[in-house]
């Protein structure tokens with residue numbers, strides 16, 4: 001399995017935009033494909049924890065469920081930290097366009113004074 005410990009897994013929550021790179025095996029060929037989208041839920045605990053990512057591809061909403069400790073996952077990157085007030089943001093499924101945007105948490109650097 002790719003993450004040996006929990007320290008290898010980045011911390012993310014519902015509303016964050018992440019990119020998951022995972023291996024796809026087709027016959028004797030193997031390639032890495034990335035899936036970037038918004039986390040709409042995290043469920044389970046321990047080694048059976050799973051998360052669902054939603055993205056819009058060619059105007060169609062696509063959701064994919066990943067096991068967090070899958071051996072096919074190469075890496076997980078957190079691209080944006082979103083600000084939502086729910087643990088499961090299923091309401092995104094009904095929203096389109098600008099209404100489906102999630103506020104981004106802005107980080108301030110301590111060097112700005």
Q) Just one of (1) 1.01; (2) 0.97; (3) 1.24 is Rg/Rh (Cα atoms, Kirkwood Rh) calculated from these coordinates, so which is it? A) (1)
Q) Once label points are set 7 Å from the Cα along Cα→Cβ at both residue 77 and residue 45, what is their separation, rounded to one decimal in nm? A) 3.3 nm
Q.
With a 10 Å cut-off between alpha carbons and a GNM built on the chain, which of 98, 13, 23 moves the most?
A. 98
**Q.** Net length gained if the chain between residue 64 and residue 11 were fully extended (0.36 nm per residue, minus Cα distance)
**A.** 17.2 nm
Q. Counting alpha carbon pairs within less than 8 Å and at least 6 residues apart, what relative contact order, in whole percent, applies to the chain?
A. 30 percent
Q: First measure r as the distance between the Cβ atoms of residue 99 and residue 26, then evaluate 1/(1 + (r/R0)^6) with R0 = 41 Å and state the FRET efficiency to the nearest 0.05.
A: 0.65
Q.
Which one, 17, 96, 52, has the greatest fluctuation when you compute a Gaussian network model over the chain with C-alpha springs under 10 angstrom?
A. 96
**Q.** Gaussian network model of the chain, Cα within-10 Å springs - most flexible of 73, 81, 56
**A.** 56
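Quick note: the coordinates plus some simple rules give every number you see, no bench work behind them. All of these numbers come straight from a predicted model, not from anything done at the bench. Here the Cβ is made from the backbone with ideal geometry for all residues, glycine too, and neighbour counts use every protein chain on show.
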